[in-house]
Amino acid sequence: MNKFIYRTFLFSLIPLIIILSLDFFARNQSSLYKEKHEGALKNKDFIEIIILGNSHAHTGVDPRGFDLFTYNLANVAQSLYFDKRITLSLLPHLKKLKYVFISIDYHSLYSSSQGIRDIWSYYAHGVKHNRYDESKYLLADISPTLFGYTPKVVLSFLKKKIVNRLKYGKDVIDFDVGTGVNIKDTIVNGFISFDGHRKSVFTPERYKKRIHAFDEGIQTSDEKDEVLEDLNDFLEILLNNNITPILFTAPTYREYNKYLEESVVNNNEREIVKLCEKYNIKYLNFMNSDLFEKEDFYNADHLNKQGAKKLAKIMNSFIIDIENRSSKLQ
Amino acid sequence: MNYVAGILLSSTEKQKNRKFILALSCILSLGLLGVFKYFNFFVDNFINSFALIGIRLEARTLNIILPVGISFYTFKALSYTIDVYRRKLESTKDAVAFFSFVGFFPQLLAGPIDRATTLLPQFYTKRTFEYGKAVDGLRQILWGFFKKVVIADNCAIYVNQIFANYETLPASTLVLGAVYFSFQIYCDFSGYSDISIGTARLLGFGSMKNFSVPYFSRDIAEFWRRWHISLTSWFRDYLYIPLGGNRGTKYQVIRNTFIVFLVCGFWHGANWTFIFWGIINALYFLPLLLLGTNRKNLDAVAHNKILPTVKEVMQILSTFAFTTLAWIFFRAESIGHAFSYIGHIFANSLISAPEGSDPEKILPFVLILIIVEWAQRDKEHGLDFSKMNIPSFAKIMIYYALLTIIILFYASQQTFLYFQF
């Protein structure tokens, strides 16, 4: 028995050391999520507008295009559930916050989870999803490698760190944006976006594949009512805090839009209009906007830097309009 | 119930009384199984049958939760009573031993359905720790985890997508979906069995082999000698042979075989898909019975050879294809769903790249499985290194490699398929 215990211990030692080292690395590793959170706290005394939503808003709205201090808190696959909780966790710090842009896209109303990324929001913002029990987060705290990010993700962190160090001589936080981002770019007010226009992905096959992935989630979703209820609650909280919520749908390429399920698009619009009427708030629908050309998109459903600047300017003029009207009233 | 039946059976020599005790014990055991597992099925079908002739009946179904593993421990307990009745086993008064046998935790949820004759006596004796057994148990557990969390769970993601959206997918994807389900169910169930047997071994208990490389079978009879061995041998010993087995006319043998497959299908669940799956397998068996070739391939394929012959490869592939076709009924939600799935395979073009989220990602693991199982086909499990001259360092490297694969490529948690039975 002693021999068995001794040998089992020896055998486990190497994996244990590797996992502990990876845990140490993962805990100290930055991510776009952590950068955004820390950046928001750093700028807490200036932020007047925040942008929420998924990757469409994350890469599609350049905060520098606004006259008021704007911070982009949107993130890849970020659901409305996390939009709300991230904002609420920062709300006590954001004393100057006046406007919150909430992006509602084709698939936003159908899921509260971000899948594997739920844990990323937990590590960065401390936001938990109620579909997991506390033990999940306890384990994620104990070992980010085994129970948090997953070993695969931590190893990809490590690989990227090594590659970036060797190639560029510095760490580059591009884990969540992936390819298409200029390595020289840095995150500014929570924003980083794609460089250029990826011609090869503007094909009907790609559009269909992308939409199919969304449709699968939409068809199997039973969360819509819950997501809407949560959004209602979020809007009420913002209004009660004298913050103006503005709903918007980010632009997607018009050829791509032809393949979207019409019933889903119409249904989304109906729900959004209902919300706007109920709370007397504005909705900016850029989905089929003629203001955006093919060259403004990195791929069919993500604006690039050029498009993000353009969209920010339009949103800014809308804010200026509101500001002017309110100053006239005063 | 079975415990008391065993004691009563040993206390009487009168054949009439013994028969009565056995019958009562079987009726009560199977009755409980029937209520929990099949009551709603019978009620629903009763109502539907009357609805066909225009009579609307209103009956209440039971809103009960199926106790997990009930089919497995009911059969274990039944084997005890029947073996005591047959005088193959002494009844026990040792309640701790009996209930430990029935509720033996590694086997409780999904078997193997170990016989009382082999497992129960192990609870009477004091077990001493054996280093070799414990290490081999751990190896088997490791191999089981590889099959379950790497292959079965990854296949499940792909299979679930395909079976849910088969109407819109090309035939090549549907074929791949069916093939992946064959690997999913095998790796899920045999993976569980490996974990279960390995755990028992770690604790010093011997357990029967439940799978013996079934997908290398050369005909369907061989497949059924290698698939879920503890269940198929249970049916052979406690149903097929009492029915007459191979004795009697060809008609009687065919009848017995059909009954066994029907019951086997029904054992898997209260759904017509399982019954149909059983019938299909019985039909596969039929030509072998008629030609008298059902006991042709009793030894392991390519025994003492490295590779199989071309003929053997063709036999293995055709058996796998037939089995995969039958698994479609096992996996489908209804018989209509299964037929529709098969219909779409033949309706659409087969010559197109399979769609889905990178189905080829699973292939390397399936290849590892096939290579290891082929190399180890006459061993107890994939990592059984007995009688092999492998240096310790190489073995340790194999364990680390498997552990790394498990940690890096495990799929999100999927419940064991056989827990539902």
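All conditions but one from (1) among the polar types (S, T, N, Q); (2) within 14 Å of chain B (Cβ to nearest Cβ); (3) closer than 24 Å to A:Gly180 by Cβ apply to A:Asn75; the one that does not is (2). Within the set A:Leu73, A:Leu88, the sole residue that is under 30 Å from A:Cys276 (Cβ atoms), open to solvent by less than 10 Å² (accessible area, probe 1.4 Å) and aliphatic (A, V, I, L, M) turns out to be A:Leu73. Counting only residues that are of a type in the set (Phe, Trp, Tyr), open to solvent by less than 20 Å² (accessible area, probe 1.4 Å) and without any contact (Cβ under 8 Å) to a residue 40 or more places away in the chain, segment B:228-244 holds 1 of them. Among the residues of segment B:80-116, those that are closer than 25 Å to B:Lys16 by Cβ and either of a type in the set (Lys, Arg) or part of a helix (DSSP H, G or I) (or both) comprise B:Tyr80, B:Thr81, B:Ile82, B:Asp83, B:Val84, B:Tyr85, B:Arg86, B:Arg87, B:Lys88, B:Lys93, B:Ala116. Reported count of residues in segment B:170-191, each being buried (at least 23 other Cβ atoms within 10 Å of the Cβ) and outside any helix (DSSP H, G or I), is 0. Only a single item in (1) touching a residue at least 40 places away in the same chain (Cβ under 8 Å); (2) within 11 Å of chain B (Cβ to nearest Cβ); (3) not charged (D, E, K, R) is not met by A:Leu10, and it is number (1).
Could you please find all residues in segment A:102-115 being part of a strand (DSSP E or B) and either over 12 Å from the mean Cα position of the chain (by Cα) or small (Gly, Ala, Ser) (or both)?
A:Ser103
Residues that are of a type in the set (A, V, I, L, M, F, W, C) and not in a helix (DSSP H, G or I) within segment B:268-299 comprise B:Ala270, B:Leu298, listed in sequence order. The single condition from (1) away from every other protein chain (no Cβ under 14 Å); (2) open to solvent by 50 Å² or more (accessible area, probe 1.4 Å); (3) out of contact with any helix residue (DSSP H, G or I) (no Cβ under 8 Å at 6 or more places or on another chain); (4) at pLDDT 90 or above that B:Gln420 fails is (4).
Could you tell me whether A:Tyr123 is under 25 Å from A:His56 (Cβ atoms), open to solvent by 20 Å² or more (accessible area, probe 1.4 Å) and touching a residue at least 40 places away in the same chain (Cβ under 8 Å)? Judged against the criteria, A:Tyr123 is a match.
So, A:Lys282, is that one within 20 Å of A:Ile49 (Cβ to Cβ) and either within 14 Å of chain B (Cβ to nearest Cβ) or basic (Lys, Arg) (or both) or not? Taking the combined requirement at face value, the residue satisfies it.
Only one of the numbered conditions (1) over 19 Å from B:Asn210 (Cβ atoms); (2) within 14 Å of chain A (Cβ to nearest Cβ); (3) open to solvent by 10 Å² or more (accessible area, probe 1.4 Å); (4) in contact with a helix residue (DSSP H, G or I) (Cβ under 8 Å, 6 or more places away or on another chain) is not met by B:Ile157, and that is (4). Would a scan of segment A:124-141 turn up a residue that is aromatic (Phe, Trp, Tyr) and under 16 Å from the mean Cα position of the chain (by Cα)? No; the residues of segment A:124-141 include none that is aromatic (Phe, Trp, Tyr) and under 16 Å from the mean Cα position of the chain (by Cα).
A:Ser112 - would you say it is farther than 14 Å from A:Leu22 by Cβ and either among the acidic types (Asp, Glu) or more than 14 Å from every other protein chain (Cβ to nearest Cβ) (or both)?
Yes, satisfied.
Taken over segment B:376-409, the criterion of being among the aliphatic types (A, V, I, L, M), assigned to a helix (DSSP H, G or I) and under 19 Å from B:Gly198 (Cβ atoms) is satisfied by B:Ile396, B:Ile398, B:Ala401, B:Leu402, B:Leu403, B:Ile405, B:Ile406, B:Ile407.
When restricted to residues that are open to solvent by less than 60 Å² (accessible area, probe 1.4 Å) and in contact with a Gly (Cβ under 8 Å, 6 or more places away or on another chain), segment A:190-212 contains 4.
Inspection of segment A:89-101 identifies no residue that is in a helix (DSSP H, G or I), of a type outside the set (Val, Ile, Thr) and under 23 Å from A:Gln219 (Cα atoms).
The values are calculated or read from the model by the stated rules, or taken from the named source; none is laboratory data. Predicted model only: the values in this text are computed from it and were never measured. We place every Cβ from the backbone using ideal geometry, glycine too, and count neighbours over all the protein chains shown. Accessible surface areas use protein heavy atoms only, side chains included; no ligands, DNA or RNA. Shrake-Rupley method; radii C 1.70, N 1.55, O 1.52, S 1.80 Å.
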